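Before any comments, here is the structure.
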C-alpha cells in the first residue's frame, strides 16, 4: 500500500469565485484536512475556531480552523479546514473524505465512492 495525493480546489465561502488549487496527501488517519495558512489567508479565509489534535508522537497541538469550500472531482462542499503552519503536511483528512462520500483505495492509489452506513 502506498500514499498518494489528490488535486483539490479551495475557496473562501464568502468569495467563492477566487479559487486556489492544492495537492493534498490523502490521510484518512488524520481527522481534519490541513492546508497551508498562507494559502488560506491569500483567499482571505479567516479562522473562526480552534481544534486540538494529537500527533503521531502523542503531542497535543492546537491549530486555527475555518470552513472552506472545497472541490474534488467536480463536487463542491463546505468542509472544516485547519490552518497548517510551516512544517505541517497538507492533507485531506477523514472528515472531508466522509463528507464527500469517498473511501481510499490504497492499492490503486485513488479515491473511490463509498457507501456509508446509515443507521
Hey, in the GNM for the chain with a 10 angstrom Cα cutoff, which one of 93, 74, 84 fluctuates hardest? 74
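Of the beta bridges DSSP finds with both residues in segment 19-119, what % are antiparallel, to the nearest 5?
Roughly 75 percent of the beta bridges in segment 19-119 run antiparallel, per DSSP.
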Is the C-alpha gyration tensor of segment 5-105 telling us rounded, prolate or oblate? Criteria: a/c under 1.5 is rounded; beyond that, a/b larger than b/c is prolate, otherwise oblate. oblate
Quick one: go through segment 85-119 and flag any residue whose amide nitrogen is under 17 Å from the point 7 Å out along the Cα-to-Cβ line of residue 52. none
Sort out for me the Cα centre separation of segment 1-47 from segment 79-115, rounded to whole Å. 10
Using just the helices of the chain, give the 222 nm mean residue ellipticity in deg cm²/dmol: DSSP H runs with n ≥ 4 each add -39,500 (n - 2.57), and the total is spread over all residues, rounded to 500. -2500 deg cm²/dmol
Contour minus Cα-Cα distance for residue 75 and residue 114 (0.36 nm per residue): 12.6 nm
Build a GNM of the chain with springs between Cα atoms under 10 Å: which of 15, 66, 37 gets the top mean-square fluctuation? 15
Please compute the contact order of segment 5-105 in relative form: average sequence separation of alpha-carbon pairs under 8 Å and at least six residues apart, divided by the residue count, as a percent. 34
Simple spin-label estimate for residue 19/residue 31, 7 Å along Cα→Cβ, in nm, reads 3.0
Here, residue 44 and residue 3, labelled 7 Å along Cα→Cβ, have an inter-label distance in nm of 3.4
Residue order, fewest to most beta carbons within 10 Å, for 88, 27: 88, 27
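Bear in mind that the values in this text are calculations on the coordinates, not laboratory data. Since the structure is predicted, the reported quantities are computational estimates derived from the model, not experimental observations. Methodologically, a virtual Cβ is constructed for each residue, glycine included, from the backbone with ideal geometry; neighbour enumeration extends over all protein chains shown.
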